[in-house]
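Engineer: Dropping the structure in here first, questions after.
The values are calculated or read from the model by the stated rules, or taken from the named source; none is laboratory data. This one's a predicted model, so the numbers in the text were calculated from it and none came from an experiment. Note that we place each Cβ from the backbone using ideal geometry, even for glycine, and neighbour counts take in every protein chain shown.
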Amino acid sequence: MHAQFRDRKHAGQLLAARLLGYAGRSDVLLLALPRGGVPVAVEIAARLHAPLDVFVVRKLGVPGHEELAMGAIATGGVRVLNAEVLDQLRIPERLIDLATLREVKELRRREQHYRGDRPPPAVTGQTIILIDDGLATGSTMRAAVSALRPQHPARIVVAVPTAAPSACEELRQAADEVVAVLTPDLFYGVGQWYLDFSQTTDNEVRDLLRQADRQWQSTPA
């Protein structure tokens, strides 16, 4: 199987075509998971004439086994804990709080860099389209959905160019809708479906968000 997307911009254009039912609606807000989700989302924002912001999620790794998530924190001061992992490994609260402090620091640094002094977006009653460049395990996206739910959006749509079928199935239990251009059975990683999967930088994220904001401000009411 060959790469289906030239780059994230191309992937965003193809994904936007699947989301046209949400175009021109005043209740739609796009939230991109940085960094890779932002160049995808900019294309969708242009096509749907919708505002775009970032939703920063940081995984809380189990001490000594950081790849295993015991929870996550997200934009808006939300913390979601994985009770199953915490009970199983009997992780003391002190260690959870230490990990949280460390990740809060990094989350704030990123938010400040991407958003400056703008407050987090208001999501209550909105139709939220959460965007990333792909889903392998889907754990970060699940954390994002879990963090958004307590803020009472009207609907959460997960939208990605490519995803492992298992990740899609799991997210269908959490989100109201999952939209993916490509869900190949043989899925080894998100990058295999892109010809150019070079890393998006923090500065590129900031520039793309400004570009999307200018687009949105110039959209006729």
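Engineer: Just to be sure before I move on: is residue 68 assigned by TED's automatic domain parsing to the domain that holds residue 168 and assigned to a strand (DSSP E or B) in the structure I sent?
Structural biologist: Judged against the criteria, residue 68 is not a match.
Engineer: Between a first residue in the stretch 20-43 that is within 19 Å of residue 217 (Cα to Cα) and assigned by TED's automatic domain parsing to the domain that holds residue 180 and a second residue that is among the aromatic types (Phe, Trp, Tyr) and crowded, with 24+ Cβ neighbours inside 10 Å, which pairs have beta carbons less than 8 Å apart while being 6 or more apart in sequence or on different chains?
Structural biologist: 31/55; 32/55
Engineer: Mind checking which pairs have a first residue in the stretch 172-186 that is of a type in the set (A, V, I, L, M, F, W, C) and a second that is in a strand (DSSP E or B), Cβ under 6 Å, 6 or more apart or different chains?
Structural biologist: 175/156; 175/158; 178/158; 179/159; 180/160; 180/163; 181/161; 182/162
Engineer: Evaluate the stretch 109-119: report whether one residue or more is in a loop (DSSP other than H, G, I, E, B) and at pLDDT 95 or above.
Structural biologist: No: the stretch 109-119 contains no residue that is in a loop (DSSP other than H, G, I, E, B) and at pLDDT 95 or above.
Engineer: Could you check how many residues of the stretch 59-73 are surrounded by fewer than 23 Cβ atoms within 10 Å (Cβ to Cβ) and within 13 Å of the chain's Cα centre (by Cα)?
Structural biologist: Total satisfying the criteria: 1.
Engineer: So if I check each of 27, 133, which one is over 27 Å from residue 183 (Cα atoms) and either at pLDDT 95 or above or in contact with a Gly (Cβ under 7 Å, 6 or more places away or on another chain) (or both)? So that I can check it myself, show each step before the final result.
Structural biologist: Values: 133 fails: over 27 Å from residue 183 (Cα atoms).
Selected residue: 27, the only one of 27, 133 that is over 27 Å from residue 183 (Cα atoms) and either at pLDDT 95 or above or in contact with a Gly (Cβ under 7 Å, 6 or more places away or on another chain) (or both).
Engineer: Please go through (1) small (Gly, Ala, Ser); (2) crowded, with 21+ Cβ neighbours inside 10 Å; (3) within 30 Å of residue 6 (Cβ to Cβ); (4) over 15 Å from the mean Cα position of the chain (by Cα) for residue 46 and return the number of the only condition it doesn't satisfy.
Structural biologist: Only one criterion is unmet by residue 46, namely (2).
Engineer: Within the stretch 100-120, does at least one residue satisfy the condition of being within 30 Å of residue 4 (Cβ to Cβ) and surrounded by 13 or more Cβ atoms within 10 Å (Cβ to Cβ)?
Structural biologist: Scanning the stretch 100-120, I find at least one residue that is within 30 Å of residue 4 (Cβ to Cβ) and surrounded by 13 or more Cβ atoms within 10 Å (Cβ to Cβ), so the answer is yes.
Engineer: Could you tell me whether the stretch 8-31 includes any residue that is surrounded by 17 or more Cβ atoms within 10 Å (Cβ to Cβ), under 12 Å from the mean Cα position of the chain (by Cα) and assigned to a helix (DSSP H, G or I)?
Structural biologist: No, every residue in the stretch 8-31 fails to be surrounded by 17 or more Cβ atoms within 10 Å (Cβ to Cβ), under 12 Å from the mean Cα position of the chain (by Cα) and assigned to a helix (DSSP H, G or I).
For every residue, the table says whether it meets (1) of a type in the set (Gly, Ala, Ser); (2) touching a Cys at 6+ places or on another chain (Cβ under 6 Å); (3) surrounded by fewer than 13 Cβ atoms within 10 Å (Cβ to Cβ).
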site: 175; (1), (2), (3): yes, no, no
site: 183; (1), (2), (3): no, yes, no
site: 195; (1), (2), (3): no, no, yes
site: 198; (1), (2), (3): yes, no, yes
